[in-house]
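Chemist: One structure, pasted below without further comment.
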Amino acid sequence: MRNAREKKPVCTLTLLFSFRMYEEGREGIPEHPYLFETDVEICLIGGSCKSPVERFWNGNNMIYILQKARYSEESDSMEESKPDDAIYASELLPKESSAPVALPVRRAKQLISLYTMVQNPNMTHLKISELVVLPPLWIRCDGSDPEHTCWLGAEPLRAGNKITGINFYMVTCDGPTADKTCFANLEELKTAHKMKHHSSIVMTKGFAQYEFIRAAAIEDTIVESESNIYVDITWNNVDKILETPSLTSAATLNITLESGDPRSPVYQLYRELQFLLDLAEGLKTGVTQWPEPLESESAVELVQQFLTDLKKKLDGYYISGNSNETEKIKCDTAAVDSSIKSIFSERGDLDFAEQLWCKMRSKCVSSYQELVECFTLIIKSLERGEIQPWIHQGSSSLLSKLIQQSYHGKIEVVSLSGITPIQMLLEIGLDKMKKDYVSFFIVKSGSCLLFQDYFISTSVDLQEQVHRVQKLHHMLEIMVSCAVLLQFKHENLFPLTQICMKYYKENPLNEKHAFQLPIRPALVKKFYQNAHPEIWKVDVSSGHGQKEVKTTWQVSTNPPVEHTTSNNTGLFSDFTVNGSGEERMYFITMAKCSQVHFT
């Protein structure tokens, strides 16, 4: 087996290969890591990709990440039979869900040295014809040294196209521990920074992150979900380690919410949406998943009774005892938790088609044949003039058109075969749910619905209309969660609604997206003032521009790196209501910077 470290001096060809990778990355960042050397793989991070070192480095450029190569089982044997330079990245593609693997610290230091040599314009003996400024380099480290180094980094300093020096970064990590005697002293941090960088003046900047969603969970119920609501707070002039941010700080609320949490006050509406999605899927694939009937009374019997009551009303024999029918429909449709009725309440203006949807959904039409029978009863009643139901103006469903035609004594013939019955039910469900969501966003969040036409448009096909209703539901879940858990009022819900609408007008449904809302800390102070932060850090810095150097000290409840070797991940984030709980265990991270100038 060949040894990459016995290749051509200082691996110049390998580094130039990485530059070619950078050139390729300008058109599109490679999806998988590339082979760098036999024991090392390289990947390029940039664009919209989240940087794994964002907590310790505030650059926004493309960066190289070096890490230990993850071989497939057969790659070692295949390598022996290949020419010297014929190892391909495809052999090193990581298995799905595999975490990145760190390099020994000693090996990482060798690679940092090679990178620095190639970037140093004084290394003329390397005979590099054209010196180019490479992206910053970060290397995952296994913490095998006494300092427990988890990252080493290098970033070229430049003046125009000329490289003038290198910034070196070292990130170390210890813990987890609840022993606060292990925590740094702020004054000692500042003094050490001044001595290291020969600075007379230093500045401090604080950052704290607090989670809310599980802290406010109902009865501490733990549900597997990617949902998270947390606030990031930053402030200047830190006075002490772990200080609580002041009300003059800058705060950003981050909301990632998955629909369908059974604890959600709008969970029943979510289930209604799922029925709509099942119909849409059946329309698309030709195979509909019909639910099991929940009650002994069939949907056909319920629709027949509904039509009989309407006929009695038209004939003047309508029994006043049934005047609570609208309320019954509301209960069938809403079934929402009493705590949310003041925030999301059912509309009181359900028309015939919407009431029909509620009845057919609540009784769960359990077969295609049952659906055909329901619509057959309705169309026959319309043809005979036995009913003259009221519908909303502007309703676009086929059933609404037939009702409008019945006002004039004649309706077109509709063949209840093929996909027609499913499409008819889907259309009236779409009409009803669109009005539900629009009613909430106008009445409750105070939104003027700048993009209302986009979300309720009927000019696109039914599948796209369903997709947009899914977006409306996701926005509703976000608004209701903020209204219930954080007690947001109209003035806070309005800007959040606009942010969500703008995103969803331009992007597909994405329940993993983090919506960000700038807020005043006072708005959420009661949730964090007595709580433990998930992350707390302080930056001690001096200098300006490229001469700026920074020392970062951070504690976090989770490991600060993906490639940690700790087996304790996830055991230190137990939450109780309003953040009260046992003493928190923290990982302690330190990031230091130093500069070397070439000229």
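The values are calculated or read from the model by the stated rules, or taken from the named source; none is laboratory data. Keep in mind the model is a prediction, meaning the values are calculated, not measured. Every residue, glycine among them, receives a Cβ derived from its backbone with ideal geometry; neighbour counts consider all protein chains shown. Accessible surface is based on the protein model in full, side chains and every heavy atom, while ligands, DNA and RNA are left aside. Shrake-Rupley method; radii C 1.70, N 1.55, O 1.52, S 1.80 Å.
Chemist: With respect to residue 379, is the statement that it is in a loop (DSSP other than H, G, I, E, B) and more than 22 Å from residue 292 (Cα to Cα) true?
Modeler: Values: in a loop (DSSP other than H, G, I, E, B): no; more than 22 Å from residue 292 (Cα to Cα): yes.
Answer is no for this residue.
Chemist: Does segment 313-321 contain at least one residue that is modelled with pLDDT of 80 or more and acidic (Asp, Glu)? Before the answer, list the steps.
Modeler: Of all residues in segment 313-321, those modelled with pLDDT of 80 or more come to none.
No: segment 313-321 contains no residue that is modelled with pLDDT of 80 or more and acidic (Asp, Glu).
Chemist: Then there's this: Quick one: would you say residue 26 is at pLDDT 75 or above and open to solvent by 30 Å² or more (accessible area, probe 1.4 Å)? Break it down into steps so the answer makes sense when it comes.
Modeler: Values: at pLDDT 75 or above: no; open to solvent by 30 Å² or more (accessible area, probe 1.4 Å): yes.
So residue 26 fails the test.
Chemist: Where the second residue is assigned to a loop (DSSP other than H, G, I, E, B) and of a type in the set (Val, Ile, Thr) and the first is open to solvent by 10 Å² or more (accessible area, probe 1.4 Å) and lies in segment 477-496, which pairs have Cβ atoms under 9 Å and are six or more apart or on separate chains?
Modeler: These pairs meet every condition: 481/213; 483/343; 484/343; 485/213.
Chemist: State all residues of segment 351-367 that are in a loop (DSSP other than H, G, I, E, B) and open to solvent by 10 Å² or more (accessible area, probe 1.4 Å); if no residue qualifies, say none.
Modeler: Residues of segment 351-367 in a loop (DSSP other than H, G, I, E, B): 351, 363-367.
Answer for segment 351-367, where residues must be in a loop (DSSP other than H, G, I, E, B) and open to solvent by 10 Å² or more (accessible area, probe 1.4 Å): 363, 364, 366, 367.
Chemist: Considering (1) within 30 Å of residue 191 (Cα to Cα); (2) of a type in the set (D, E, K, R); (3) surrounded by fewer than 19 Cβ atoms within 10 Å (Cβ to Cβ), say which one residue 537 fails and leave the rest.
Modeler: Failed condition: (3).
Chemist: So which of 132, 171 ends up being among the aliphatic types (A, V, I, L, M) and either within 23 Å of residue 53 (Cα to Cα) or in contact with a Ser or Thr (Cβ under 6 Å, 6 or more places away or on another chain) (or both)? Step through it out loud before you land on a result.
Modeler: Numbers: 132 fails: either within 23 Å of residue 53 (Cα to Cα) or in contact with a Ser or Thr (Cβ under 6 Å, 6 or more places away or on another chain) (or both).
Of 132, 171, the one residue that is among the aliphatic types (A, V, I, L, M) and either within 23 Å of residue 53 (Cα to Cα) or in contact with a Ser or Thr (Cβ under 6 Å, 6 or more places away or on another chain) (or both) is 171.
Chemist: Can you find, within segment 421-443, the residue that is modelled with the highest pLDDT among those that are touching a Leu at 6+ places or on another chain (Cβ under 8 Å) and over 25 Å from residue 378 (Cβ atoms)?
Modeler: So in segment 421-443, the residues touching a Leu at 6+ places or on another chain (Cβ under 8 Å) come out as 421-430, 432-434, 436-438, 440-442.
This time we only want the ones that are over 25 Å from residue 378 (Cβ atoms), so: 437-438, 440-442.
Values: 437: 89, 438: 86, 440: 82, 441: 80, 442: 76.
That would be 437.
Chemist: Further question: Just to be sure before I move on: is residue 517 closer than 16 Å to residue 228 by Cα, open to solvent by less than 20 Å² (accessible area, probe 1.4 Å) and not in a helix (DSSP H, G or I) in the structure I sent?
Modeler: Working: closer than 16 Å to residue 228 by Cα: yes; open to solvent by less than 20 Å² (accessible area, probe 1.4 Å): yes; not in a helix (DSSP H, G or I): yes.
Criteria met by residue 517.
Chemist: Of the residues 418, 446, which single one is over 13 Å from residue 475 (Cβ atoms), in a loop (DSSP other than H, G, I, E, B) and modelled with pLDDT under 90?
Modeler: Going through 418, 446 in turn, the sole match is 446.
Chemist: Then there's this: Quick one: which residue in 459, 415, 439, 481 is among the small types (Gly, Ala, Ser) and more than 37 Å from the chain's Cα centre (by Cα)? If you could, list the steps in order and put the result at the bottom.
Modeler: Numbers: 459 fails: more than 37 Å from the chain's Cα centre (by Cα); 439 fails: more than 37 Å from the chain's Cα centre (by Cα); 481 fails: more than 37 Å from the chain's Cα centre (by Cα).
Answer to the selection: 415.
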